[in-house]
Amino acid sequence: MRADRFFFKYCVYLPATWIRGQNVAGHLARLRRYERIAPAERRKLQEARLSRLLQAARAGVPEYSRRLARLHADSLSIQDLATIPTLTKQEVRDRREDLQYRPRPRFIVAKTTGGSTGEPVTIHKTHTAMAWELAATWRGYAWAGVHIGDLQARFWGVPLSAAGRRTARLTDFVCHRRRFSAFDFDRNSFVQYDQQLREKPPDYFYGYVSMIAELARWYTDTGRRLDQPPGAVITTSEVLSPDDRKAIEAAFGCRVFNEYGCGELGTIAHECEHGRLHTSDENMIIEILDGERPCRPGEKGEIVVTELNNIAMPLVRYRTGDFGALSDEPCPCGRTLGVLSDVFGRAYDFIVAPDGRRFHAEFLVYMFEEAQRQNCGIAQFRVEQTAPDHLQLLVVPSASGFPEHEEMRLVARIRELLGANMRVTTSRVQRIQREASGKMRVIVGLQSASSRQAPAAPGSTAPRG
Ligand SMILES: [Zn+2]
């Protein structure tokens, strides 16, 4: 094993997670054994975990004491799940306190996520649940030939606050990764990124589809090639279109492996060597629903997930707001895990500053999340670029109102980052309209905004992919 890999795996990452009570290596070994067991055996494992979770939830989580009051069986089967009402993001936000286990477990991780829908949610997770989530992620990466200790080039956001940046630097060190900002970049940044990628060639790339695809097209357009290309590119968070996949694979000469997850639940599915998205069935039960009706295999519907390991804040039948189908065809790779297909949900846009710098949608989402954490009075928001020098903000004020001084502060912050030439207008609205697909798109770039105004082209408002 290469010396730096050995060092980061055995001297940094595994001890750092172990200290937090996360037995990632042990869980990973178990998951690798489980990936090919007979489906009936896996179902038994899921039911045992489900039973344990629901019984603990009924005893210690006020919301579930009510929801599960009528379920009295000692051992609960997967069929019993269908009798439990689904849980929406809105309910998680409104009943956050009642969704937490009491007494509160001593060691928990708090994750604030879901900002891409304009309505962030904070989830509490036990370290055991975190360890299973991390192990499932590493198992998925292993299918792409990536292992703990490998050097990652991370095309991702950079936190806006100094404290956030410090934490990010520490996490990046522990996870052996170098961060390339996906928030604020132009073609000059790519020259710099290219230099850094040559100085210390990473083992794999990880990041937003849109950002890596943009970088790939730049490599192709400028006729550049990396002398030591990455072994794999793992894309996440956004829909991966066939065009983007082709562009990335052509530019970097390696396979793209897509990951599907959502902030509240962590990773849900990873792509195998045969291009199928396998679900982390040991950690969750996935249902596809059309309203409340279960979909048939191959039929598209909303992805609804029950997380099996997290007693700190159980999410039972959680509606992700993403859409997809479950396939019943076995995968040629021989893994018996479920296969998710036709996932579509998130489609992010870029906001382009008047000076040409491009900002990933998540950048603005981070900024609004920061404002929301400071209780500035925003319940929900949407940002739309309507002209090269104009942003339209739609704000649903929170119950306590969105005061004018908060509005001025927010606008000033946006103009500080995007440039003083960017005009920003704010409108207070009652509610924010969803896309035709039902998805909430909170950052709308110039291209999408203009295609929306164009005469109804088929699918012009539907998410990519
Ligand atoms: Zn497979």
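The values are calculated or read from the model by the stated rules, or taken from the named source; none is laboratory data. Treat the numbers as computed from the prediction; the structure is a model and nothing was measured. All Cβ positions, even for glycine, are placed from backbone atoms using ideal geometry, and neighbour counts span all protein chains on display. With ligands, DNA and RNA removed, areas are computed over all heavy atoms of the protein, side chains included. Shrake-Rupley method; radii C 1.70, N 1.55, O 1.52, S 1.80 Å.
Counted as qualifying within segment 262-348 are the strands (runs of 3 or more DSSP E) with 1 or more residues that are more than 16 Å from the ligand (Cβ to nearest atom) and under 19 Å from the mean Cα position of the chain (by Cα), namely 266-271, 284-290, 301-307, 318-327, 339-344. Annotation note: of ARG5, ARG33, the sole residue that is in a helix (DSSP H, G or I) and touching a residue at least 40 places away in the same chain (Cβ under 8 Å) is ARG5.
Just give me the residues in segment 153-178 being touching a Gly at 6+ places or on another chain (Cβ under 9 Å) and not in a helix (DSSP H, G or I), in sequence order. Explain how you work it out, then say what you get.
Going through segment 153-178, the residues touching a Gly at 6+ places or on another chain (Cβ under 9 Å) turn out to be 153-156, 158, 168, 176.
Hits for segment 153-178 are ALA153, ARG154, PHE155, TRP156, VAL158, HIS176.
Mind checking which residues of segment 194-218 are part of a helix (DSSP H, G or I), basic (Lys, Arg) and loosely packed, with under 13 Cβ neighbours inside 10 Å?
Applying the first criterion (part of a helix (DSSP H, G or I)) to segment 194-218 yields 194-199, 209-218.
So of that shortlist, the ones also basic (Lys, Arg) come out as 198, 217.
Passing the criteria: only ARG198.
Since PRO85 meets every condition but one in (1) in a helix (DSSP H, G or I); (2) touching a residue at least 12 places away in the same chain (Cβ under 8 Å), which condition does it not meet? All conditions pass for PRO85, except number (1).
Looking at GLU370, GLU416, GLU406, just one residue is under 30 Å from VAL305 (Cα atoms) and not in a strand (DSSP E or B), and that residue is GLU370.
Got at least one residue in segment 219-231 being more than 16 Å from the ligand (Cβ to nearest atom) and in a strand (DSSP E or B)? Checking segment 219-231: not a single residue is more than 16 Å from the ligand (Cβ to nearest atom) and in a strand (DSSP E or B). Beta carbons closer than 8 Å, at least 6 apart along the sequence or on distinct chains, pair a first residue in segment 130-153 that is basic (Lys, Arg) with a second that is assigned to a helix (DSSP H, G or I) and open to solvent by less than 20 Å² (accessible area, probe 1.4 Å) for ARG139/LEU31. Among the residues of segment 245-261, those identified as in a helix (DSSP H, G or I) and open to solvent by 10 Å² or more (accessible area, probe 1.4 Å) are ARG245, LYS246, ALA247, GLU249, ALA250. Residues of segment 23-58 that are surrounded by 13 or more Cβ atoms within 10 Å (Cβ to Cβ) and among the acidic types (Asp, Glu): GLU35, GLU47. In segment 378-385, the count of residues that are modelled with pLDDT of 85 or more, assigned by TED's automatic domain parsing to the domain that holds SER181, among the β-branched types (Val, Ile, Thr) and buried (at least 17 other Cβ atoms within 10 Å of the Cβ) is zero. Selection within segment 139-162: residues that are farther than 23 Å from LEU197 by Cβ and away from the ligand (no atom under 16 Å from the Cβ). The member of this set that is surrounded by the fewest Cβ atoms within 10 Å (Cβ to Cβ) is ALA162.
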